[in-house]
Amino acid sequence: MAKPHVLVIPYPAQGHVMPTMELAQRLVEKGVKVTFVNTEVNHKLVTSNWLDRNGFGGLLQMVSIPDGLEPWEDRTELCRLTTSILQSMAGKLEELIEKINKEDESKITCVIADDCMGLAIRVAKKMGIRRAAFWPASVAFLGSILSYQKFIDDGIIDNNGIPLQDQMIRVSETMPHLKPKNLPWTCFEDSDTVKAFFQVVVEAVEAARLTEWFICNSATGLEPEAFSLYPQLVPIGPLLASNRLANQTGHFWQEDSTCLTWLNQQPNGSVIYLAFGSFTIINQTQFVELALGLELCNRPFLWVVRPGLTKEATATYPDGYIERVGSRGRIVTWAPQQKVLAHPSVACFVSHCGWNSTLEGVTNGRPFLCWPYFADQFYNEDYICDIWKTGLRFKKDEAGIIRREEIRRKVEELLTNKKYVTKALDLKEKVTGSVQKHGRSNKNLGDFIEWIQEKDTN
Ligand code: UDP
């Protein structure tokens, strides 16, 4: 009998591709054949930065379809990219499925799509293929997407998703407030990008109606109110390669593993780890303040300075900085983050609070210093600082800059007041329990995979 064959498609951004790759590998481990569809540009990045080449092949097939832009066009222009995806990818996906079904002895029996790729769910429905949606961010934030019609009815946004007022809003009484400008589609500066993303949101809500399963990379212990508000959302997380002692895959940049050797040389619980994900941009003034703040802390630090972290082509360090800091500071362009956060030398995580980074910090019991950049990162910061109480916020000055003294002060407060690490370790217990043998997320994932397998034999 042919094996179950699932087509898995992420939204084409780093923070979506990585957890979706992990989901794909969990399926493969259970004998499910997976075709993983990236955009052409991301396919090249992901396959060329994959260290353990034995990891794919066999049951995992990596393929690509175009995103509709020309190869040289700038993918950080989100309005262009999103519009192009919405216009062109459904047709390409349909062609791909037809081709696989013609050539492969096991036809596609199920499509699992990032809920931001509602178009893929639509294609699957049209082709009579079973489907499931995957959500790689927090369920609380998903709640704001699922509530968009209510926000229109309440006069908070217009029919294009543009905010009409400034007051804080709530999805429900049990959940934290959100600023209208931090909704998933309103966090962009220009109204065309807001409209394009609002279209993604409208499709995402429609897609949620067309699926039998809606699985989420979260755990009930992290956001119990959100899960009780939306019983149809099924927690299966945190889905981390480190939880099964495997390497994280799906990197858009080459990870620099030499920082692990450097970490081995640092005392336990001493290192400040700083990483701002794949998307954050800071200006040169802020970059210099951060560099000098780290120098003032006088503690070892490991800092990810990703290409593109500053607006300038290359980040410029203060004069003599690298020499002064010497071996106390280690700077890399991309780290094996899950391994770094699991390393005993790490004391805390200065993070932009992307959901994956948040889950990785939580899973390793790390206290946070929050440096959100946009969208859900502010909501995740609220969870970290106000609900879980495992971290602190930075305060900006009138010019919107986090100054070096503020950085030093917050690092000291976080690392000298033991309550943050104690809370972080409590949360770790709760959350890691959910992915262990009898944990709820683990059981849900098992049920989901069984569903994929059962449907195939029907
Ligand atoms: N990451 C990494 N190395 C780095 C920085 C980040 O492997 O140096 C990974 C990190 O482990 C996480 C992902 O990149 O899984 C970033 O996702 P997140 O949701 O935190 O942020 P985004 O990039 O979407 O803003």
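Any chance the stretch 289-300 includes a residue that's under 19 Å from residue 18 (Cβ atoms) and either within 14 Å of the ligand (Cβ to nearest atom) or touching a Gly at 6+ places or on another chain (Cβ under 7 Å) (or both)?
Of all residues in the stretch 289-300, those under 19 Å from residue 18 (Cβ atoms) come to none.
For the stretch 289-300, residues under 19 Å from residue 18 (Cβ atoms) and either within 14 Å of the ligand (Cβ to nearest atom) or touching a Gly at 6+ places or on another chain (Cβ under 7 Å) (or both): absent.
Within the stretch 158-169, how many residues turn out to be within 26 Å of residue 16 (Cβ to Cβ) and either surrounded by fewer than 22 Cβ atoms within 10 Å (Cβ to Cβ) or of a type in the set (D, E, K, R) (or both)? Before you say what the answer is, go through the steps one by one.
From the stretch 158-169, those within 26 Å of residue 16 (Cβ to Cβ) are 160-163, 169; that's our starting set.
Right, trim to either surrounded by fewer than 22 Cβ atoms within 10 Å (Cβ to Cβ) or of a type in the set (D, E, K, R) (or both) and you get 160, 162-163, 169.
Residues that pass the stated criteria total 4.
When you check residue 284 against the structure, is it over 15 Å from residue 371 (Cβ atoms) and within 11 Å of the ligand (Cβ to nearest atom), yes or no?
Against the criterion (over 15 Å from residue 371 (Cβ atoms) and within 11 Å of the ligand (Cβ to nearest atom)), residue 284 does not qualify.
Do you know which of the residues in the stretch 208-219 that are assigned to a loop (DSSP other than H, G, I, E, B) and buried (at least 19 other Cβ atoms within 10 Å of the Cβ) is farthest from the ligand (Cβ to nearest atom)?
211
Within the stretch 319-344, restricting attention to residues that are more than 16 Å from the ligand (Cβ to nearest atom) and among the hydroxyl-bearing types (Ser, Thr, Tyr), which residue is nearest to residue 246 (Cα to Cα)?
Residues of the stretch 319-344 that are more than 16 Å from the ligand (Cβ to nearest atom), as a first pass: 319-328, 344.
The next check asks that each one be among the hydroxyl-bearing types (Ser, Thr, Tyr); those that pass are 321, 327.
Values: 321: 36, 327: 29 Å.
Applying the filter and picking the extreme gives 327.
Does residue 27 qualify as being in contact with a Pro (Cβ under 9 Å, 6 or more places away or on another chain) and part of a helix (DSSP H, G or I)?
Numbers: in contact with a Pro (Cβ under 9 Å, 6 or more places away or on another chain): yes; part of a helix (DSSP H, G or I): yes.
Criteria met by residue 27.
Residues that are on the phi > 0 side of the Ramachandran plot and within 16 Å of the ligand (Cβ to nearest atom): does the stretch 393-410 have at least one?
Initially, the stretch 393-410 is screened for residues on the phi > 0 side of the Ramachandran plot, giving 400.
Retained after the next criterion (residues that are within 16 Å of the ligand (Cβ to nearest atom)): none.
For the stretch 393-410, residues on the phi > 0 side of the Ramachandran plot and within 16 Å of the ligand (Cβ to nearest atom): absent.
Please return the ranges of helices (runs of 4 or more DSSP H) entirely within the stretch 321-435 where 3 or more residues are under 25 Å from residue 234 (Cα atoms).
It comes to 355-363, 376-382, 419-434.
For the stretch 222-237, which positions are assigned to a loop (DSSP other than H, G, I, E, B), touching a Ser or Thr at 6+ places or on another chain (Cβ under 7 Å) and of a type outside the set (Asp, Glu)?
236, 237 - these are the residues of the stretch 222-237 that are assigned to a loop (DSSP other than H, G, I, E, B), touching a Ser or Thr at 6+ places or on another chain (Cβ under 7 Å) and of a type outside the set (Asp, Glu).
State yes or no: is residue 247 under 21 Å from residue 22 (Cβ atoms), open to solvent by 40 Å² or more (accessible area, probe 1.4 Å), part of a helix (DSSP H, G or I) and touching a residue at least 24 places away in the same chain (Cβ under 8 Å)?
Working: under 21 Å from residue 22 (Cβ atoms): yes; open to solvent by 40 Å² or more (accessible area, probe 1.4 Å): yes; part of a helix (DSSP H, G or I): no; touching a residue at least 24 places away in the same chain (Cβ under 8 Å): yes.
Criteria not met by residue 247.
The values are calculated or read from the model by the stated rules, or taken from the named source; none is laboratory data. All values derive from a computational prediction rather than experimental measurement. Note that we place each Cβ from the backbone using ideal geometry, even for glycine, and neighbour counts take in every protein chain shown. These area figures cover heavy atoms from the full protein model, side chains too; ligands, DNA and RNA do not enter into them. Shrake-Rupley method; radii C 1.70, N 1.55, O 1.52, S 1.80 Å.
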